[in-house]
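These notes concern the structure reproduced below.
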Amino acid sequence: MGIRETILGLLEKDSRLTAERIAVMTGFPEAQVAAEIAAMEKEKVILAYGAVVDWEKTDRDPVTALIEVRITPQRGQGFDRIAHRIYSYPEVKSCYLMSGGFDLMVIIEDASLKSVARFVSERIAPLDSVISTATHFILKKYKMQGTEFAPKSEDDREALFV
Amino acid sequence: MNPEQALSRRVRSIRPSAIRRFFDLVNGMKDGAISLSIGEPDFVTPWAIREAGIHSLEQGHTHYSPNAGFRELRTEICRYLDRRFALRYDPDTQVVVTVGGSEAIDLALRALVDPGDEVVVPEPCFVSYLSCAVLADAKVVTVPCYAEDGFKLDPERLRAALSPRTKAVVLGFPSNPTGAVMSRDELAKVVEVLEGSDAVVISDELYAELTYAPATHCSIASFPSMRDRTVVVNGFSKSFAMTGWRIGYACGPAPILAAMNKIHQYAIMSSPTTAQYAAIEALRSCDAEVAAMVAEYDRRRRVVVDAVRKAGLSCFDPLGAFYVFPDIRATGLTSTDFCETFLTEEKVAVVPGNAFGGPGEGFVRICYAYSIENIEEAMHRLQRFTAGRIK
Ligand SMILES: Cc1ncc(COP(=O)(O)O)c(C=O)c1O
């Protein structure tokens, strides 16, 4: 693995790692790590830094839905154009082109069931090239971006002399 | 009748170690304390392995296995050792599945030693070698390994320790407690010395998977002249994070393994069946999980070595296991004083090096099988601790 993949692997797990700490952990010089991170930000290899949040433990508990969208691509426009018309709404958290039984997987987060339903019926379904939608609400999140929501975090190892 | 006096002289000769008191202190530590003292992986066993154990229970596999272990597991062990370390063994005659590497060490010594035979043990070393040798009625001859040599075994010092009565030499590389690894070239010089004796090598390779670039593990049994006189001890505890499953194995010359299996058959019967099913899965499908754990250990290792040096302690680059073994003499404290004071003042537990034998005095063992957050906080406290003490 090269220096970029090494840095990205670490940042993907903990975006707060500084170049200094990454340098210590990997043995690469700090200046080189800092330069690579800056370059990757500029080249949009690194797009954003965020946190994995368990919103249920807060006063804001948004509803998340997966929407399967089937579409007929328009002549000369392909899927990208219609995808763009959908993912440009801020409610859309993720949007993927899929193989298989449907075309776009759209992940929406919004304040309530109603607002999600309204978004689908008013924003997505009416689009000319959309053939159908199927909305699935997420009931419980167990794991997201490699992170478990209820991890066993206690170190319960017995202090044995080994 | 006095039960104390009913005890054998052998068992009485093994004193409860002073280190017990230290670990009682550690177990009594309250909030805010950080232990870097326990020599076992912090990782939970990879899920695929746990799942295989659960599945075996669902299928009702709750009976004894053959004494030497399921043949399927012995076959996987042979494939694994060949694939990873170029070691070839016959699953039917040269492998015994044991209750951890611990049992394998005990079996090997008991199978080889007659009263008064000498067993050579390089120090500092894993604590059970000496006691198991004593329990097998051996006369223990220790060979010191020094920081100047990166705690590797010096061939000339080994030569001086060998005698016509030497029955076995116990090697433990990658090393607990020092993290030292011996390269093929370095082992070649040890092999040359051993070729001049009839000693059997008991090679404890439990940390074989845990080496860090540029080091790789070389088994002494991979030297043609050593193959028929080495018992390789290995297991799942460290490499697959399976300490609690209690499973390991020994491989080596058929007559020695048959003798070990004889003792195992009467003392143990067979290793835990659930653990054996889990171990089969570990060897078949968990290379990626092992690689990920090794990569994480390597990052922690670098953090500890860097911090220890910044704290003013000298420390050779340990390329194996999950221990760093810094020299604490610059603080003016003994190993024991250092650890007790560090524990009371900064609430961080590390282990005094002399607990692993005389040459460990002046050193402490820091285990990095802990989360990086704990390690970083402990290293911060270490720097605060040494700041006032190093002139
Ligand atoms: C060097 C060494 N050998 C053997 C063992 C025993 O391992 P197990 O009996 O769990 O396989 C240990 C455990 O700490 C060790 O450090």
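Scanning region B:27-53 for residues that are under 17 Å from A:ARG157 (Cβ atoms) and within 16 Å of the ligand (Cβ to nearest atom) yields B:SER35, B:LEU36, B:SER37, B:ILE38, B:GLY39, B:GLU40, B:PRO41, B:ASP42, B:PHE43, B:VAL44, B:THR45.
Do the conditions hold for B:HIS61, that is, is it open to solvent by 10 Å² or more (accessible area, probe 1.4 Å), in contact (Cβ under 8 Å) with a residue 60 or more places away in the chain and in contact with a helix residue (DSSP H, G or I) (Cβ under 7 Å, 6 or more places away or on another chain)? Yes; evaluated as a whole, the condition is true for this residue.
If I ask for residues that are within 14 Å of the ligand (Cβ to nearest atom) and more than 12 Å from chain A (Cβ to nearest Cβ), which ones from region B:317-331 would you list? Once the filter is applied, which keeps residues that are within 14 Å of the ligand (Cβ to nearest atom) and more than 12 Å from chain A (Cβ to nearest Cβ), region B:317-331 yields B:PRO318, B:GLY320, B:PHE325.
In summary, B:LYS310 fulfils each of the numbered conditions (1) within 14 Å of chain A (Cβ to nearest Cβ); (2) crowded, with 23+ Cβ neighbours inside 10 Å with the single exception of condition (2). For B:VAL119, the requirement of being more than 16 Å from the ligand (Cβ to nearest atom) and not in a loop (DSSP other than H, G, I, E, B) is not met. Of all residues in region B:239-250, those being more than 7 Å from the ligand (Cβ to nearest atom), within 14 Å of another protein chain (Cβ to nearest Cβ) and either buried (at least 24 other Cβ atoms within 10 Å of the Cβ) or assigned to a helix (DSSP H, G or I) (or both) number 2. Counting only residues that are more than 16 Å from the ligand (Cβ to nearest atom), more than 29 Å from B:ARG301 (Cα to Cα) and surrounded by 20 or more Cβ atoms within 10 Å (Cβ to Cβ), region B:167-194 holds 3 of them.
Here B:LEU382 clears all of (1) within 13 Å of chain A (Cβ to nearest Cβ); (2) closer than 28 Å to B:LYS30 by Cβ; (3) open to solvent by less than 20 Å² (accessible area, probe 1.4 Å); (4) in a helix (DSSP H, G or I) except the condition numbered (1).
For region B:353-379, a tally of residues being part of a strand (DSSP E or B) and either away from every other protein chain (no Cβ under 11 Å) or farther than 21 Å from B:ASP24 by Cβ (or both) returns 3.
Within region B:221-232, is there a residue that is within 15 Å of the ligand (Cβ to nearest atom) and either touching a Ser or Thr at 6+ places or on another chain (Cβ under 9 Å) or open to solvent by less than 10 Å² (accessible area, probe 1.4 Å) (or both)? Yes, region B:221-232 contains a residue that is within 15 Å of the ligand (Cβ to nearest atom) and either touching a Ser or Thr at 6+ places or on another chain (Cβ under 9 Å) or open to solvent by less than 10 Å² (accessible area, probe 1.4 Å) (or both).
When the residues of region B:19-53 are filtered to those that are part of a loop (DSSP other than H, G, I, E, B) and open to solvent by 80 Å² or more (accessible area, probe 1.4 Å), the one that is farthest from B:SER371 (Cα to Cα) is B:LYS30. State yes or no: is A:GLU148 within 14 Å of chain B (Cβ to nearest Cβ), without any contact (Cβ under 8 Å) to a residue 60 or more places away in the chain, among the acidic types (Asp, Glu) and out of contact with any strand residue (DSSP E or B) (no Cβ under 7 Å at 6 or more places or on another chain)? Against the criterion (within 14 Å of chain B (Cβ to nearest Cβ), without any contact (Cβ under 8 Å) to a residue 60 or more places away in the chain, among the acidic types (Asp, Glu) and out of contact with any strand residue (DSSP E or B) (no Cβ under 7 Å at 6 or more places or on another chain)), A:GLU148 qualifies. The residues in region B:197-216 that are touching a helix residue (DSSP H, G or I) at 6+ places or on another chain (Cβ under 9 Å), within 13 Å of the ligand (Cβ to nearest atom) and either more than 23 Å from B:PRO164 (Cβ to Cβ) or hydroxyl-bearing (Ser, Thr, Tyr) (or both) can be counted, and the count is 7. Checked against (1) part of a loop (DSSP other than H, G, I, E, B); (2) surrounded by 12 or more Cβ atoms within 10 Å (Cβ to Cβ); (3) assigned by TED's automatic domain parsing to the domain that holds B:PRO272, B:SER56 meets all criteria but (1). For region A:84-93, residues that are open to solvent by less than 80 Å² (accessible area, probe 1.4 Å) and more than 19 Å from A:LEU113 (Cβ to Cβ) total 2.
With respect to being within 22 Å of the chain's Cα centre (by Cα) and exposed (fewer than 14 other Cβ atoms within 10 Å of the Cβ), B:PRO16 fits the description. If you go through region A:116-162, how many residues are closer than 30 Å to A:GLY78 by Cβ, among the hydroxyl-bearing types (Ser, Thr, Tyr) and not in a loop (DSSP other than H, G, I, E, B)? Here the count works out to 4.
Scanning region B:77-116 for residues that are in contact (Cβ under 8 Å) with a residue 60 or more places away in the chain, of a type outside the set (A, V, I, L, M) and either open to solvent by 20 Å² or more (accessible area, probe 1.4 Å) or in contact with a His (Cβ under 8 Å, 6 or more places away or on another chain) (or both) gives B:ARG79, B:ARG84, B:PHE85, B:TYR89, B:ASP90, B:THR93, B:GLN94, B:THR98, B:SER102, B:GLU103, B:ARG110.
The values are calculated or read from the model by the stated rules, or taken from the named source; none is laboratory data. Since the model is a prediction, treat every value here as computed from it, not as a measurement. No Cβ is skipped: glycine too gets one built from the backbone with ideal geometry, and neighbour counts run over all protein chains shown. For the accessible areas, the whole protein counts, side chains as well, though only heavy atoms, and no ligand, DNA or RNA atoms are used. Shrake-Rupley method; radii C 1.70, N 1.55, O 1.52, S 1.80 Å.
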